[in-house]
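Notes follow the structure.
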Amino acid sequence: MIKLLRGTLFIVLSILLVWILKQAFPKNTGALNYFLLFLFLDAFLWVITWREIKSLKPLWKYLLAILFWMPFGLVLAGVTYGFFYTYYFWPLFVKTYLTSLVFIAYATRILPLSFLLVTLLYQGVVMLLGKVSPYARSLNQRPRKLFLSGWIIGMLVFLLMLAGMVFWEHHFKVRETEISLKKLPISFDGLRIVQLSDIHLGSWNSRTKLIELVNKVNALKPDLLFFTGDLCNYSTQEVWPFKDVLSRIKTTYGAYAILGNHDYGDYMTWTSDEVKKQNMLDLYRFYNELGWKLLRNENEILVINEDSLAIVGVENWGAVRRFQRKADMPKALTGTETIPVKLLLSHDPTHWDSIVSKSYPEIDLTFAGHTHGGQVGVETSQWKWSVVQYLYPEWAGLYQKEWDDSTTQYLYVNRGAGTIGYAGRVGIWAEITLIILRSSEN
C-alpha cells in the first residue's frame, strides 16, 4: 500500500510541476510533454531495474544507476536550456548531437521495455493459474532472464547507433543505374543525371564532408543535377554558410531543384506570417544565386540537336496529411504536351504511388527522396530492410509500373545525402545517385 501511495504521489506531483512550468513557459509546452513522457518511462523501468542491480557491489550498482539516468539528465538539461534559448538557435553541434543521443537512448529502451511487458504478462498468467509448485517457481525465473536480455540487446543497439553517429553519418555511396526509356530521343542516349536529395544543411557540422560530397558528384561528370528537396531543416538561414561549396558542382546542361516538406519553414515557430514569407523568399533567392533552377509546379524543356526532353518539377505532396499538398500536376505539365519524354521531380514518393502512377502515364521517370531510406537498416545486393518500409511502399531504389499499353513508368527514391533527427546512419548509407538514360530504340 505504501509503494502504491508513493507512486501515486510521484505521478501527481510530476504532472503538477509540468503544468506549472507550462503556465510560466507556454512556448516550451512541447518539450515539457516529452519531459513528462520520458520521466514516467524511466521511473517505470527503474523500479524493475533497481530490483535486479541493488544486490551488486556498490561500484557497479551506482555506475549502472548513473548510466541509467544519464539520458534523462540530457533531457532535463535540454529542457532547462530551452527556457532561456529557443531550440532553433541552439549551437548547431549541441542541437544536432544532443537530440541524437536522446533519440537513440530512448529508441533502444523500447527493447527492455518490451521484454519487461512480456515478463509482467507471463508472471501474471502464472499467478492466475495458481502455479505454486517448484516447477512454477523455475518458470518465474525465465522472465527475469528475458528482461535482462532486453537490456543487453538494447545496449548493443545503442552502441551500434552511436557508431553510426561517429563513423557513418556522411558515409557516401554512389549508386549507378541505367534506365531504358522507350520514347527517349537518340540525342539523349547516355544522358548522365546525378540525383541528390535531403541534404538537410541544418544538420551539417562539417564543411569538409560537404566538399567531399561535391567532389564525388563532379567525378561522375553529370550532364544534369537533380536535387529533390529538403535543403533545410527549419529555416533558410541554415543554408547560406554552404553556398560556396554547393556552387562548385559542375554540370553540362544545368541543375534543377524542387522543394521538400522541410523547406517551407513549417517546423519552426515564426514571429509573424511576414517573417515566414520572407524566409521562403530568401530560399528562392538562394537558389537563384546558386544557379540551380527551382521548379515550382513548372517545367523546362531541354533541347539537344533539335530533340526535346521535359524536366518537370512539382512542390511537395504527401499522402500523410501532416505533409503539404502543394503539387499541381496539370500546371506543371503545361507546354509539355508534344514532348516525347517527361522526367518528374517530386519530393515525396507517395505522390508517385498515389497520383502520378495512377493518372499520369506520360511521366516516364520520377525522381523522389524524403524517406532517407530510414537511415538505419540492412541492405545487401539481394535484399534490403528498414522500418521505414512499413510507412512508405517505395522507400529506396528503383521501382516500376507496367501500363496496359506496355508502357513502363519508373520511380527512383534516393536515400538522402543528409540526416534529420538522428545524426547518423547504420546500414543505409548516404546516397549519390547516377542515372544513365538509354534509348530502347538504340
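Considering the range 330-351, and only residues there that are of a type outside the set (Ser, Thr, Tyr) and open to solvent by 10 Å² or more (accessible area, probe 1.4 Å), the residue that is nearest to GLN195 (Cα to Cα) turns out to be LYS342. With the structure loaded, tell me whether TYR85 is in a helix (DSSP H, G or I), under 27 Å from CYS232 (Cα atoms) and out of contact with any Asp or Glu (no Cβ under 9 Å at 6 or more places or on another chain) or whether it fails that test. Answer is no for this residue. Scanning the range 61-83 for residues that are open to solvent by 70 Å² or more (accessible area, probe 1.4 Å) and not hydrophobic (A, V, I, L, M, F, W, C), we see that the one that is modelled with the highest pLDDT is TYR62.
A count restricted to the range 384-436 and to residues that are of a type in the set (Asp, Glu), at pLDDT 95 or above and under 14 Å from SER357 (Cβ atoms) stands at 1.
For the range 252-281, filtering for residues that are out of contact with any strand residue (DSSP E or B) (no Cβ under 6 Å at 6 or more places or on another chain), outside any loop (DSSP other than H, G, I, E, B) and open to solvent by less than 40 Å² (accessible area, probe 1.4 Å) leaves 6.
Note on the range 422-431: among residues that are open to solvent by 10 Å² or more (accessible area, probe 1.4 Å) and assigned to a strand (DSSP E or B), the one that is nearest to LEU98 (Cα to Cα) is VAL426.
Out of the residues in the range 399-421 that are open to solvent by less than 10 Å² (accessible area, probe 1.4 Å) and among the hydroxyl-bearing types (Ser, Thr, Tyr), state the one that is nearest to ARG207 (Cα to Cα). By that ranking, first place goes to THR419. Of all residues in the range 231-250, one or more are small (Gly, Ala, Ser), without any contact (Cβ under 8 Å) to a residue 60 or more places away in the chain and in a loop (DSSP other than H, G, I, E, B).
Count of the range 291-329 residues, restricted to those that are open to solvent by less than 10 Å² (accessible area, probe 1.4 Å), among the β-branched types (Val, Ile, Thr) and outside any loop (DSSP other than H, G, I, E, B), is 2. GLY30 fulfils the conditions (1) of a type in the set (Gly, Ala, Ser); (2) in a helix (DSSP H, G or I); (3) over 25 Å from the mean Cα position of the chain (by Cα) except for a single criterion, (3). The sole residue among VAL378, VAL387, VAL426, VAL413 that is more than 21 Å from ARG175 (Cα to Cα) and aliphatic (A, V, I, L, M) is VAL387. Evaluate the range 60-82: report whether one residue or more is more than 30 Å from GLU169 (Cβ to Cβ), part of a helix (DSSP H, G or I) and of a type in the set (S, T, N, Q). No; the residues of the range 60-82 include none that is more than 30 Å from GLU169 (Cβ to Cβ), part of a helix (DSSP H, G or I) and of a type in the set (S, T, N, Q). For the residues VAL214, VAL194, VAL174, the requirement of being in contact with a Pro (Cβ under 7 Å, 6 or more places away or on another chain), β-branched (Val, Ile, Thr) and not in a loop (DSSP other than H, G, I, E, B) singles out VAL194. Among the residues of the range 267-287, is any acidic (Asp, Glu), at pLDDT below 95 and under 30 Å from THR252 (Cβ atoms)? The answer is no, given that none of the residues of the range 267-287 is acidic (Asp, Glu), at pLDDT below 95 and under 30 Å from THR252 (Cβ atoms).
Might you check whether a residue that is at pLDDT below 90 and charged (D, E, K, R) occurs anywhere in the range 117-140? Yes, the range 117-140 has at least one match.
Within the range 19-60, the residues that satisfy the criterion of being exposed (fewer than 14 other Cβ atoms within 10 Å of the Cβ) and not hydrophobic (A, V, I, L, M, F, W, C) are GLN23, PRO26, LYS27, THR29, GLY30, ASN33, ARG51, GLU52, LYS54, SER55, LYS57, PRO58.
The values are calculated or read from the model by the stated rules, or taken from the named source; none is laboratory data. Note that this is a predicted model, so its numbers are computed, not measured. Cβ atoms come from the backbone with ideal geometry, glycine included; neighbour counts cover every protein chain shown. These accessible areas exclude ligands, DNA and RNA; they are computed on the full protein's heavy atoms, side chains included. Shrake-Rupley method; radii C 1.70, N 1.55, O 1.52, S 1.80 Å.
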